[in-house]
Structures are given as structure tokens and as C-alpha cells.
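Engineer: Supplied in C-alpha cells, the structure appears directly below.
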Amino acid sequence: MPQNPIARTLSRPVGADGSPHAVPDLGRFLRSLTGVDEELLAEVRHERSKYTALGGVVLGTAVIAAFSMWNFATEALGRVSIVALLPTVIWLLLILNLDRWLVTPVPNARRRFGPVVLRLVMALLLGVVIAEPLVLRIFSTAIEEHIADGRTTALDDLRGKLLACNPVPSDTAAAPPANCGHYTLVFGANPGNQADELATLREDATALQKRVDQDNTELTALDTQVRDECRQLIRDAASGLLERTSECQRLRAKARDFRATHALDTEQRQLSGMNVRIATLERGVASSRGDFVKARAAAVDKRMAEEQAKQREIGVLERMQALDELAAGKPVLFVGIWLVRALFVFLDVLPVMAKSLGGESTYERMLSYESTSAVKVHSSRVRLAELRALADTEIAQHAIERDVRRSRAESEAAHREVVATTNIRTRQAISALEEELRRTSAH
């Protein structure tokens, strides 16, 4: 604050040699963090300790803020790095100067309630910002364990969804699983085509086998009937010879007709060929499914590796979300977290609270007096300067008016002189003309 031109009535503390007492460097530094004027504070020495302590609180708050920023920066970088020192130092200086501005004594501050509320609100907001990284630091072990468990569960769920959304296809007509979206993988080979052919061929072979078995059963029954009937011989009445019965002949004809119409040999060869084809397809499908399983495993592993790469570092937002999840449904932990937050917020707001709730000090009253006096002196100086400027203006105006009048008088005198000269010349000319006329008349 500039020196007040009105001399202070209180004397300065001096030493034995007449020089001012030396103030300890540490105390002066701490008091400088409160924005006080050492020259004015020297007149109320009993309040030095108060402002020294307040400066210590401001410094402590700035150190806590710096530690908070250090934790925030290291968590954002994912490691301890010298790079984190830059934002830490910047944040330290910023909070130090903000708190210094918030606690700096203001003249006539008790008469204005709005600035006090504004300073408290600003200090509260800064306290919330500073407190959160410290809370995350205190609960870091539980947070990291919760995040690790969540990541493991997420990876397990991802693997399960990838396997469920990409099953080994038994046929190409199978509908894709629902709600898979981006969990569906793309493969170069699909065993579903061979599986379709194998399933169709198996159905045809089963139907043909049933038909062949039925025909063989019927043919076997006919052959049995033929054998049973043809064992019986009857004697011909005319010739007296033993002959087959007519029923035997009929059954034999029926058996021949059955073999001719059903083509059992052809169907048997066709069934054998189908069985060979089925065996070949089964080996091909098994090989294709093995290749598909290997390709799916490789694709799933790649997808899992990409997801793990995203989870490499734990971000600040992820830590905050994990802390909220830990507190959800646990009243004791929830209350504990908010108590820690409230503690750090209180510590960060403490300088402004101490300044606002401490009441108006003698120093602040003296500062108000000096400010009022300085305003009055400044107003007087401004009025004096105004009067001087008005006087100079009026003097200059009078001088200009005087010069105008003189110039006007000189101009009028010159005009009169010119008129007089002209009149004299005119009269002289008239006289000369009259004289000439007289001489002329005389002759």
C-alpha cells in the first residue's frame, strides 16, 4: 500500500542504534502470504503472530493442494514421473496466490457481505477439487482391487459372449445368436456347408437303410415261406410221381417278382456308397470344425488382448467410478468416504474461514482509516488539480481575449490611418486641381 501522506501518530519500533527492528525472514515470509503491509503492521505488533499463523495456514493449504495435484498427475500418467512436477508446481503457485488473495485484508470489508460470501464459495469449490485426488489416494488399495476384479469379470464376460456368439456351426441355416452385435467374429472357413451335406446325406442313408431293411425283412419272410412250403411233396395221381405244391410255385414266383421290382442289390450298393461318402464327410467336417475352433480361439485371444491393452492404465474417472461403486450399498464406507472428503474440504477452506470468522482486527481498522484517508487525500489532490487546470484555462482565455482586443484596436488604428492618408491625398489632389483651374482661368 502506498505511504499515506498524513503522518502516523504511532512511533515505529526501533533498536538501540535507532534502526528498525529486524523481522525474522520466516515470519515475514509467512505474513507476506496474507497480504499485510509490514510497515502498518509494525504499529500493532501484537497482531503479528496472528497473521504469521494465518500465513502458515495458507502455506499448509497450498502444500496439501500440491500433494493432491501430484497424486492426480501420477494417476493420470499411470506412473511416477518428473513430468508431474510441472502441474504440481503450477497448482501450488496458483492455490497459494488464490488463498493469499482470499485472505488479504480489505479496507471496510465488514461493511460488504457479498465479497465475504464469494470468497467462501470460491474456497469451497477449490476445496472440493483438491480433496477428491486425496480421497482417491487414501482408498487406492480398495479401488485398485475393485477395478482389477471388475476387469477380470469383464474379460470373462467378454470371452463368454464371444464364444456364445460364435458357436461351431452345425449347418448354414442356423440363425445367429441374438443381441451379439459387435461380438460376432469373421472367419475365413465355415464348416457349415459340409455339415449341411452330411446331414442331408445321413437322412437319405437312414431312409434308404430303413427301406432296405424292410425289403430284406419281407424277402426273408418270403424265402422262409418258400422253403417251408417247398419241403412238402405231393404225389401226382396220373403219373404217381412226387411233385411240388402249387403254393410252392406261387411263392417262388412271388419271391422272384419281389426281387425284380425292389432291386435290392442296387439299393445295397447305393447304401454302401452313401456310407463311404458319409465317412468321408465326417472326417472333413471334423477337420473343418477343428480348423474353425482354432481360428475362433485365435480371434478370441486377439480380441481379449485388445481389451486388455485398453485396460493397461487406471484412469482418474475409472477410480472415481470405482469409489462410488464401492460406497454403493455400504453405509459405513459411504459415510467414511464423505467424512474424509469433508475433512480435506474443511482444511482447504480453513484460511478463508479463519479470516472471515476472526473478526475485524486492529490492523484492518487501521487499514480502513488509511484507505479512507488516502481516498480523501486523493480527492483533494484531484480537486486541486482541477482548480489549477480551471485557473490555467481562465488565464489563457483572458490572455487570448486581450490579444484579440489588441489586435482589433491595432487593426482599427491602421484602418483609420489608411482612411486619413487617403483623405489627405484626396484633398491635396483637389487643391492641386483647383489651382490648375485658376491658372487656366487667369490666362
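Engineer: Which members of the range 309-361 meet the condition of being of a type in the set (Asp, Glu) and in a helix (DSSP H, G or I)?
Structural biologist: Across the range 309-361, the qualifying residues are GLU318, ASP324, GLU325, ASP348.
Engineer: Based on what the data block shows, is GLU386 surrounded by 13 or more Cβ atoms within 10 Å (Cβ to Cβ) and of a type outside the set (A, V, I, L, M, F, W, C)?
Structural biologist: no
Engineer: With (1) of a type in the set (Lys, Arg); (2) within 30 Å of VAL63 (Cβ to Cβ); (3) at pLDDT 90 or above as the list, and ARG388 as the residue in question, which single condition is left unmet?
Structural biologist: Going through (1) of a type in the set (Lys, Arg); (2) within 30 Å of VAL63 (Cβ to Cβ); (3) at pLDDT 90 or above one by one, ARG388 breaks only (2).
Engineer: Continuing with the same structure: When both residues are 6+ apart or on different chains and their Cβ atoms are under 9 Å apart, which pairs have a first residue that lies in the range 366-388 and is within 16 Å of PRO107 (Cα to Cα) and outside the structural domain of ASP37 (by TED's automatic domain parsing), and a second that is assigned to a helix (DSSP H, G or I) and of a type in the set (Phe, Trp, Tyr)?
Structural biologist: That search, which allows pairs on different chains as well, returns nothing.
Engineer: Criterion first (in contact with a Lys or Arg (Cβ under 9 Å, 6 or more places away or on another chain), assigned to a loop (DSSP other than H, G, I, E, B), at pLDDT 75 or above and surrounded by 12 or more Cβ atoms within 10 Å (Cβ to Cβ)) does GLY35 satisfy it?
Structural biologist: yes
Conditions (1) over 30 Å from ARG296 (Cβ atoms); (2) modelled with pLDDT of 70 or more; (3) over 60 Å from the mean Cα position of the chain (by Cα), marked per residue:
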residue	(1), (2), (3)
ASN190	no, no, no
ARG202	no, yes, no
VAL226	yes, yes, yes
ILE234	yes, no, yes
ALA237	yes, no, yes
LEU242	yes, no, yes
ASP257	yes, yes, yes
ASP265	yes, yes, yes
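Engineer: Scan the range 306-365 for residues that are at pLDDT 75 or above and on the phi > 0 side of the Ramachandran plot and jot them down.
Structural biologist: GLY329
Engineer: Being in a helix (DSSP H, G or I), surrounded by fewer than 16 Cβ atoms within 10 Å (Cβ to Cβ) and modelled with pLDDT under 85 is the filter here, so list the residues in the range 77-100 that pass it.
Structural biologist: The answer is LEU77, and nothing else.
Engineer: Please verify whether the range 16-27 includes one or more residues that are of a type in the set (A, V, I, L, M, F, W, C), at pLDDT below 85 and surrounded by fewer than 12 Cβ atoms within 10 Å (Cβ to Cβ).
Structural biologist: Yes, some residue in the range 16-27 is of a type in the set (A, V, I, L, M, F, W, C), at pLDDT below 85 and surrounded by fewer than 12 Cβ atoms within 10 Å (Cβ to Cβ).
Table: residues versus (1) in the same structural domain as VAL63 (by TED's automatic domain parsing); (2) modelled with pLDDT of 70 or more; (3) crowded, with 17+ Cβ neighbours inside 10 Å.
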| site | (1), (2), (3) |
| --- | --- |
| THR104 | yes, yes, no |
| ARG112 | yes, no, no |
| GLU132 | yes, yes, yes |
| ASP149 | no, yes, no |
| LEU155 | no, yes, no |
| CYS165 | no, yes, yes |
| GLY181 | no, no, no |
| ALA199 | no, yes, no |
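The values are calculated or read from the model by the stated rules, or taken from the named source; none is laboratory data. Keep in mind the model is a prediction, meaning the values are calculated, not measured. Cβ: placed from backbone, ideal geometry, glycine included. Neighbour counts: every protein chain shown.
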